[in-house]
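The structure appears below as structure tokens.
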Amino acid sequence: MIARTLDDALAPISDGCVLAVPRESSGVAMAATRALIRRGIKRLTLIALPTSSLQADLLIGAGCVETLETSAVSLGEFGAAPRFTAAVLKGSIKMRDATCPALHAAFQASEKGVPFMPLRGLLGTDVLKNRPDWKVMDNPFGDDDPIVLLPAIRPDVALFHAPMADRDGNVWIGRQRELITMAHASERTIVTVEKLHDGNLLEDKTLAAGTLPGFYVETVAVVENGCWPLPLPEYYAWDVEHLKEYVKLAATDEGFAKYLDQYVYERRAA
Amino acid sequence: MNAAQPDFRDEELLAAVVADLIGDVRHVAVGNASPIPATASLLARARGNGRPYVSLLGSQKHTFWTDGGRELFDCAGQGRIDVFFLSGGEIDGQGNINLVSIGDPEKPTARFPGSFGSSYLYFVVPKVILFRTEHSKRTLVPKVSYISAPGGSDDNIHRTGGPIALITNRCLFSFDPDARRFQLESVHPGHTLAEVIVNTGFEFDRPLDVPVTPAPSVETLRLLRQVVAPELAEVYPQFAARVFGLKAAS
């Protein structure tokens, strides 16, 4: 349950894997992401719940992603995600553009074991027009009331970072409850954590409600500072200087290669 | 601006105008990359002694969510969010917004981050305020290249929300949902009607005399600088530093 090394924990993530990852305010497993790039992972279908930032940009830039499903990729205040933008313009990744609640709903369908979920909105958008896998039907309980149906999303692996786990594999996620939805919806869940908690999280009534039961968790690896340079909300903030440096370097192919050499392949901070 | 007016920054003017548009409501939500709407929402709350609730994406303090990212959308679907803000790489005269790309979506010539929640929230939030600080023919176009979210819908489409206004660095437009057209409401101090016309790619209605957007009051500026700015720095440290000269508290 508790992996010896980060690489051991990541072993189930193989080439061609459908990998689900969270938005940056929920705990993005960046050390694990760098480890996957070092391993040279290929042909990922990356699904962001519901958006991504540096994680998607790095994986795309390093050539690990075949298909990306997301509502957006952006570095927020630091600007556009340069490798994502370049890849879309070059046509080197296949895009499945979505909208945030559609991704939440499709994960919820999977967690309930139902084939689809209906969602309001979307009618008349080019988002819908470019998603042949989404259908429109008339609300069977209404009268001339078209509504969009989204197929369930069942990822092979969910990967995220959390503040702590116990030795039984229970993971404390606090308020970031989309991580629970993500784990429920995915076949396997791999989590990196800041530290191990002594005792059982589910036996502590103040912590139990914010805990993902180990039942859903394949492996946990302890990686201190595992979100760096992204934030782990309430624990540490963005590394602002690093993000600024990233944006500068990732603007060109050469600069991005230099970034990978310096911060990914050199095993720095991971 | 007359001599009796205190100096203010463009961002302060825009935030003050948006705070007035928010009006007296129960719940305002602010999405990604929206520092001016965030400033306006916190200003509305500072004026309203804690009303409206402000849900600021990315904030630990200004969010009450306990059910994950979906709670915002579930809340909106039920009609529990009164005001939201959207922008666009392109916005057209029918209120359509484009957050995805220009050209063939399979082979675009420009790519933006993505639609975020717009393709849903535009339909179910009663007052959506559009903001775009670059007011140019590049951003305000006759017809968007890709519809992330449409300004209006056919009568049989479930739609309880949509755009009410568009604010730019030059002016304020209101939106008429029946005509699906913008009307010029006021031009900001230091800008002109001629400049608005030249820089807008779509047709819009306008009154014979176009008013000047009122400058923020002394009290509004005090609230912005003393109450709002420190709260803003939690989520938008760079914006708070640039506009209000603040350092993030983390």
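Results, tabulated for the structure shown:
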item	result
Ranked list, fewest to most other Cβ atoms within 10 Å of each Cβ, for B:H135, B:H158	B:H158, B:H135
Chain B - percent relative contact order, Cα under 8 Å, separation 6 or more	19
Ascending count of other beta-carbon atoms within 10 Å, so fewest first, for B:S101, B:S41	B:S101, B:S41
Choice from B:E134, B:E185, B:E106 with maximal GNM fluctuation in chain B (Cα, 10 Å cutoff)	B:E106
From phi via Karplus (6.51, -1.76, 1.60), per-residue ³J(HN,Hα) for the stretch A:23-38 in Hz, x at Gly/Pro	5, 5, 7, 10, x, 9, 7, 6, 4, 5, 4, 5, 5, 5, 5, 4
Estimated 222 nm signal from helices in chain A, with DSSP H stretches of n ≥ 4 weighted -39500 (n - 2.57), rounded to 500	-7500 deg cm²/dmol
B:H158 versus A:A208: modelled label distance in nm, points set 7 Å from Cα along the beta carbon direction	3.6
Greater than 21 Å apart at Cα, pairs in A:K42/A:K248; A:K195/A:K244; B:K107/B:K143	A:K42/A:K248; A:K195/A:K244
The stretch A:1-139 - percent relative contact order, Cα under 8 Å, separation 6 or more	17
Efficiency of FRET between A:V136 and B:D74 - r from beta-carbon atoms, R0 30 angstrom, step 0.05	0.90
Cα centre as origin, Lys/Arg/Asp/Glu Cβ charges: the protein assembly as shown dipole, Debye	600
Estimated [θ] at 222 nm from DSSP helical runs (n ≥ 4, -39500 (n - 2.57)) normalised by residues in chain B, nearest 500	-7000 deg cm²/dmol
Residue exposure sequence - B:Y122, B:Y53 - by fewest surrounding Cβ within 10 Å	B:Y53, B:Y122
Reachable lysines, given that their alpha-carbon falls under 21 Å from the alpha-carbon of B:K61 and they are not under 8 places away in the same chain	B:K247
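Each value in this text was obtained by applying a stated rule to the coordinates, not by laboratory testing. None of the values given here were measured: they were computed from a predicted structure. Virtual Cβ from ideal backbone geometry, glycine too; neighbours counted across all protein chains shown.
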